[in-house]
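The values are calculated or read from the model by the stated rules, or taken from the named source; none is laboratory data. Fair warning: this is a prediction, and the values are worked out from it, not measured in the lab. A quick note on method: Cβ atoms are made from the backbone with ideal geometry, for glycine too, and the neighbour counts reach across all protein chains shown.
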Amino acid sequence: MRRLRHIAWRTFSSHHKQPFTLPPPKLISTSHLLDEERVPWYEENRFYPAKPGEVLAERFQILVKIGYGSSSTTWLARDIRKMYVTFTILSLACVLKITSDFNDGEFVAALKINNCEGAVSERELEIEEHIAKSGSSHGGRALLRTHLEYFEVEGPRGKHLCLAYPPMREPLWRFQRRFEDSVIPFPLLKVYLLVLLKALDCLHTACDLKLEHIMMPFEDGEVLSGFLNQRLEQPAEYKIDAVGRHVFRHDSDFGDLRRSWMSMTPHIVDFGSSLQLHGETGRGLFPIQPNHYRAPEVTLGFPWNRSADIWSLGTLIWDMAQNTELFQQAQDSNGNYDSKAHLAEMIALLGPPPPGFIEASHSTLLLKWPQKIKIYGGELCENAMEMFGGPFFDDDGKFLHEHLIPDRKIEDTLPLLEEKDRTELLSFAKKMLTWDPEKRATARELLEHPFLKLE
């Protein structure tokens with residue numbers, strides 16, 4: 001196993017490495033759903049019943065819950081084993097060491113405790129191992145957060161894979177709320193797109209890119225130490241669910257940014273829904289991507305490749321630059337994916353798809369997946385037509401739902417930008433938002449685009 005990278009602070013220095021004594025947790029009375037209880041398809045027995053103060057694998061003491069998802073919870077955890085003295089193993093993803101004595105510090109990880117669903121978490125582990133090995137010499141590797149160590153713990157219903165990561169401050173969507181109108185300033189937008197493209201150029205997987213999977217690191221180590229000094233003096237709040245499991249309230253508010261925040265750069269995290277592709281020509285077939293960011297080739301059943309992530313990043317530009325989604329018809333009023341309306345909006349903004357692309361879609365919609373997929377309502381689907389509908393075009397290439405095409409132009413979708421900036425950004429974005437994935441620019445090609453030349 002690789003050893004945990006170093007994060008240290010003054011107040012918590014200790015040579016004995018004994019577990020901290022934490023305040024007794026506080027039971028709250030509420031009938032409202034809390035944290036992971038609000039996740040669709042929540043099954044309480046699949047979650048590990050973690051509690052603050054608990055020591056896992058005789059090594060990691062759980063301190064504060066900082067997050068949750070559909071299949072895991074995440075905690076700040078203290079490494080109580082023998083201290084390391086090596087400073088050079090710090091990476092961009094770690095907060096800075098702020099003690100002057102290398103022997104006088106603590107090690108804290110963001111510990112992700114997965115549900116007892118072996119196949120999903122094992123795939124995440126394998127993909128992160130693949131990323132760590134294949135891109136070790138690439139300049140974008142430091143921008144991909146992968147686990148530093150892993151181990152298993154036994155829960156009431158089975159084994160849970162635990163992954164230890166460098167802690168991060170907050171997701172990009174929360175970070176951008178700190179700016180006026182929740183919009184990332186244009187000069188910073190260029191820098192962040194440059195950084196994210198470097199990370200994507202390093203990847204040999206499809207990473208299911210979305211705002212939640214882009215996180216900002218801590219600007220310095222004292223932010224984390226100050227947070228823990230305060231939180232560990234307060235009792236953790238929890239409720240008891242229907243089966244007696246303790247559900248703890250998460251706390252991930254690390255306070256205001258410090259002056260050094262300009263040094264923060266985004267990182268791509270969470271590869272649990274990623275799919276490994278083999279080589280430059282590798283293809284996938286299973287449906288991927290959140291509704292708003294889904295590439296046309298995925299909806300139409302084409303075998304897709306890494307260019308699907310380029311499409312996702314292209315659509316994310318509007319989230320960052322406008323605080324709005326480019327495709328506003330991708331979901332119906334109930335939050336379900338509306339493939340017809342989504343494709344109609346693509347036609348409005350990008351123009352009609354090429355004839356060859358349309359012709360091929362008649363057969364790709366029927367391509368069988370390696371295994372059936374269960375969708376909302378429990379129905380099993382075995383191809384894109386069963387999942388997304390279709391056909392969407394007639395034999396002459398005419399779109400069958402023209403009444404859904406909105407009166408929108410892509411040139412009108414960036415009203416917050418100056419005309420010069422808008423023109424430059426659209427020139428860049430159009431290289432990413434093409435119907436035909438083979439015509440879509442690669443991450444490496446986009447890194448050479450004039451738009452990203454920083455003045």
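Assorted remarks:
- Among the residues of the range 28-40, those identified as surrounded by 12 or more Cβ atoms within 10 Å (Cβ to Cβ) and not β-branched (Val, Ile, Thr) are Leu33, Leu34, Asp35, Glu36, Glu37.
- Answer from Ser260, Ser274 - the residue that is in contact with a Ser or Thr (Cβ under 9 Å, 6 or more places away or on another chain), of a type in the set (S, T, N, Q), touching a residue at least 24 places away in the same chain (Cβ under 8 Å) and at negative phi: Ser274
- Qualifying residue in the range 183-204 (condition: part of a strand (DSSP E or B) and under 20 Å from the mean Cα position of the chain (by Cα)): no
- For Leu228, the conditions (1) crowded, with 18+ Cβ neighbours inside 10 Å; (2) farther than 30 Å from Ser333 by Cβ; (3) not assigned by TED's automatic domain parsing to the domain that holds Thr73 all hold with the exception of (3).
- The range 205-226, residues that are within 25 Å of Gly284 (Cα to Cα) and part of a helix (DSSP H, G or I): Leu211, Glu212, His213
- Qualifying residues in the range 38-58 (those that are at pLDDT 90 or above and not in a loop (DSSP other than H, G, I, E, B)) - the one farthest from Val120 (Cα to Cα): Val55
- The residue that is farthest from Ala110 (Cα to Cα), counting only those in the range 241-253 that are touching a strand residue (DSSP E or B) at 6+ places or on another chain (Cβ under 7 Å) and modelled with pLDDT of 90 or more, is His246.
- Within the set Pro235, Pro303, Pro266, the sole residue that is more than 17 Å from the chain's Cα centre (by Cα), farther than 29 Å from Leu33 by Cα and at pLDDT 90 or above turns out to be Pro303.
- Cβ-Cβ under 8 Å pairs, at least 6 apart or on other chains, the range 194-208 side within 14 Å of Thr442 (Cβ to Cβ) and at pLDDT 95 or above, far side surrounded by fewer than 24 Cβ atoms within 10 Å (Cβ to Cβ) and of a type in the set (Ser, Thr, Tyr): none
- Against the list (1) surrounded by 11 or more Cβ atoms within 10 Å (Cβ to Cβ); (2) in a loop (DSSP other than H, G, I, E, B), the condition Gly335 fails is (1).
- Subset tally (residues that are part of a helix (DSSP H, G or I) and of a type in the set (Lys, Arg)) for the range 247-277: 1
- Selection status of Leu425, of a type in the set (A, V, I, L, M, F, W, C) and exposed (fewer than 14 other Cβ atoms within 10 Å of the Cβ): no
- Matching residues, the range 444-455, being part of a loop (DSSP other than H, G, I, E, B) and surrounded by 15 or more Cβ atoms within 10 Å (Cβ to Cβ): His449
- Residue match in the range 395-414 (condition: within 30 Å of Gly140 (Cα to Cα) and either surrounded by 15 or more Cβ atoms within 10 Å (Cβ to Cβ) or in contact with a Ser or Thr (Cβ under 9 Å, 6 or more places away or on another chain) (or both)): yes
- Only a single criterion out of (1) out of contact with any helix residue (DSSP H, G or I) (no Cβ under 9 Å at 6 or more places or on another chain); (2) crowded, with 18+ Cβ neighbours inside 10 Å; (3) of a type in the set (Gly, Ala, Ser) is not satisfied by Ala341, namely (1).
- Check on Ala360, under 30 Å from Phe175 (Cα atoms) and assigned by TED's automatic domain parsing to the domain that holds Asp407: no
- Every residue from the range 153-187 that is among the charged types (D, E, K, R), within 22 Å of Arg123 (Cα to Cα) and without any contact (Cβ under 8 Å) to a residue 60 or more places away in the chain: Glu154, Lys159
- Residue in the range 212-225 that is over 23 Å from the mean Cα position of the chain (by Cα) and surrounded by fewer than 20 Cβ atoms within 10 Å (Cβ to Cβ) present: yes
- In the set (1) closer than 29 Å to Lys65 by Cβ; (2) out of contact with any Leu (no Cβ under 7 Å at 6 or more places or on another chain); (3) of a type outside the set (Gly, Ala, Ser), the condition left unmet by Leu161 is number (2).
- For the range 348-443, the helices (runs of 4 or more DSSP H) that sit wholly inside it and include 1 or more residues that are within 31 Å of the chain's Cα centre (by Cα) and farther than 18 Å from Gly314 by Cβ are 355-364, 384-388.
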